[in-house]
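Please read the structure below before turning to the comments.
The values are calculated or read from the model by the stated rules, or taken from the named source; none is laboratory data. Just so we're clear, the structure is a prediction, and the values are computed from it rather than from any experiment. In this analysis, Cβ positions are derived from the backbone assuming ideal geometry, glycine residues included, and neighbour counts consider all displayed protein chains. Ligands, DNA and RNA are excluded from the accessible area calculation, which covers all protein heavy atoms including side chains. Shrake-Rupley method; radii C 1.70, N 1.55, O 1.52, S 1.80 Å.
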Amino acid sequence: MKAFKYILLLLLVFIIGFSIYVAVQPNEFSFDRSRTINAPASLLYHKVNDYKEWPSFSPWIEQEPEASLTYSDKTIGEGAFYSWKGEILGEGKMTTKSTEENKSITQLIEFTAPFEAHSDINWTFEPSDEGTTVTWAMEGKQDFVSKLFTTIMGSIETETGPNFERGLFKLDSLITEDMARYNIEINGISEYGGSFYLFKTTNAKSTNISAKMGENFGAVMQFMGSNGIVPYGMPMTVYNTMEENNVIMSNGLPVNERHSIPDGSDISIGYIPKTKVLKTTLLGNYNYLSKAWEATMDHIKENNLVQSELKPFEIYVTDPGNFPNPADWKTEIYIPLEE
């Protein structure tokens, strides 16, 4: 009997001591995970900001893909939410509290079953030399029950951190795959209506052609701005010579009439007359232009088409500044043909 009393006393001391230990654990928690993704901040921001996109990268929905999901009428931006219910995931809701476009998203996550809890979720999108550093953070308060749970089962960071890492990995993979999409369409024979264009000519190699184009377009736009000339269409490149290590190209912008060019200027004006052409459209990153050209030249050979003396050219239909995903960039290739 005496020994039993000692055991009860020791058990009571342990319970009191353990309770004190639990009670003095931190009242708050916070942690984050980051990943640098080779993609524009705007593209990543819009992916995360739309709850309809979450099933594609959520590590929890991956664990129970058959879980029931419910979305608000508006799934993007402040006030949007989605909720879930599943045997593994339990029940909960995620609501967007605030956003700063292309920079940050603040959310509230609420669990209702098998236990009740809520925490703040913060996303930030920071441009870097390698792309965008995406940070997924979580913070909240811990009551005694939460402290007891984490003392026995492990910290919230230990449980949730790996899921954040998995989610960022999936986000990276999805965005990278999406940006790599492209399509080449041989539109067939048509007629180009003709246009004047202001241009600057230079030679380039395959290794520096993009940089040279940028320099030329910048020079032409500066000339037009200084002389009050308004472009009459999207940027274009006329290829005077096309060899792997010797590309001579004229990069410029179309204008609606002939303009006088000051003596000594490195900007010139040209004219492409109305002519029969073979047109090809590339939808995708400029990196795939070589494939589009290859498909176009194969089509010419297979169909016994004859190029005219006019030089082939490209028109860049979309402004990359307005289309963050390269998969949405549209380029048209024109090969002038003999009548």
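Taking the conditions exactly as written (among the small types (Gly, Ala, Ser) and modelled with pLDDT under 95), does residue 173 satisfy them or not?
Considered against the rule, which asks whether it is among the small types (Gly, Ala, Ser) and modelled with pLDDT under 95, residue 173 comes out as no.
Could you pull out the residue among 283, 278, 289 that is over 32 Å from the mean Cα position of the chain (by Cα), touching a residue at least 40 places away in the same chain (Cβ under 8 Å) and under 13 Å from residue 332 (Cα atoms)?
Just one listed residue meets the conditions, 278.
Can we say residue 177 is in contact with a helix residue (DSSP H, G or I) (Cβ under 9 Å, 6 or more places away or on another chain) and free of Cβ contacts under 8 Å to residues at least 12 places away in the same chain?
no
Which residue out of 105, 109, 121 is open to solvent by less than 10 Å² (accessible area, probe 1.4 Å), part of a strand (DSSP E or B) and within 19 Å of residue 162 (Cα to Cα)?
Going through 105, 109, 121 in turn, just one is open to solvent by less than 10 Å² (accessible area, probe 1.4 Å), part of a strand (DSSP E or B) and within 19 Å of residue 162 (Cα to Cα): 121.
So residue 285 clears everything in (1) open to solvent by 70 Å² or more (accessible area, probe 1.4 Å); (2) closer than 27 Å to residue 40 by Cα except one condition, right? Which one?
It fails just one condition, (1).
Check 189, 184, 156 and return the single one that is more than 18 Å from residue 328 (Cα to Cα), of a type in the set (Val, Ile, Thr) and at pLDDT 95 or above.
Only one candidate passes the filter, namely 189.
Quick one: in segment 67-102, of everything that is in contact (Cβ under 8 Å) with a residue 40 or more places away in the chain and within 15 Å of residue 54 (Cα to Cα), which residue is surrounded by the most Cβ atoms within 10 Å (Cβ to Cβ)?
Top of the filtered list is 96.
Of the conditions (1) on the phi < 0 side of the Ramachandran plot; (2) in contact with a helix residue (DSSP H, G or I) (Cβ under 8 Å, 6 or more places away or on another chain); (3) modelled with pLDDT of 95 or more, residue 88 fails just one. Which one is it?
Of the numbered conditions (1) on the phi < 0 side of the Ramachandran plot; (2) in contact with a helix residue (DSSP H, G or I) (Cβ under 8 Å, 6 or more places away or on another chain); (3) modelled with pLDDT of 95 or more, the odd one out for residue 88 is (3).
Which residue is modelled with the lowest pLDDT, if the candidates are limited to segment 129-153 and must be in contact with a Phe, Trp or Tyr (Cβ under 9 Å, 6 or more places away or on another chain) and under 30 Å from residue 325 (Cβ atoms)?
Among them, the one singled out is 138.
When residues of segment 306-326 are filtered for being of a type in the set (A, V, I, L, M, F, W, C), touching a strand residue (DSSP E or B) at 6+ places or on another chain (Cβ under 7 Å) and either within 28 Å of residue 177 (Cβ to Cβ) or not in a strand (DSSP E or B) (or both), how many remain?
Adding up the residues that qualify gives 4.
With the condition kept exactly as written, say whether any residue in segment 299-311 is surrounded by 14 or more Cβ atoms within 10 Å (Cβ to Cβ), of a type outside the set (Asp, Glu) and either farther than 25 Å from residue 270 by Cβ or free of Cβ contacts under 8 Å to residues at least 12 places away in the same chain (or both).
yes
Residues that are at pLDDT 95 or above and aromatic (Phe, Trp, Tyr): find the helices (runs of 4 or more DSSP H) completely inside segment 1-73 holding 1 or more of those.
Helices (runs of 4 or more DSSP H) meeting the threshold: 41-49.
Do the conditions hold for residue 207, that is, is it open to solvent by 70 Å² or more (accessible area, probe 1.4 Å), free of Cβ contacts under 8 Å to residues at least 60 places away in the same chain, outside any helix (DSSP H, G or I) and of a type in the set (S, T, N, Q)?
yes
Considering only segment 170-187, I want to know if a residue exists there that is of a type in the set (Gly, Ala, Ser) and either surrounded by fewer than 16 Cβ atoms within 10 Å (Cβ to Cβ) or part of a helix (DSSP H, G or I) (or both).
Yes, segment 170-187 contains a residue that is of a type in the set (Gly, Ala, Ser) and either surrounded by fewer than 16 Cβ atoms within 10 Å (Cβ to Cβ) or part of a helix (DSSP H, G or I) (or both).
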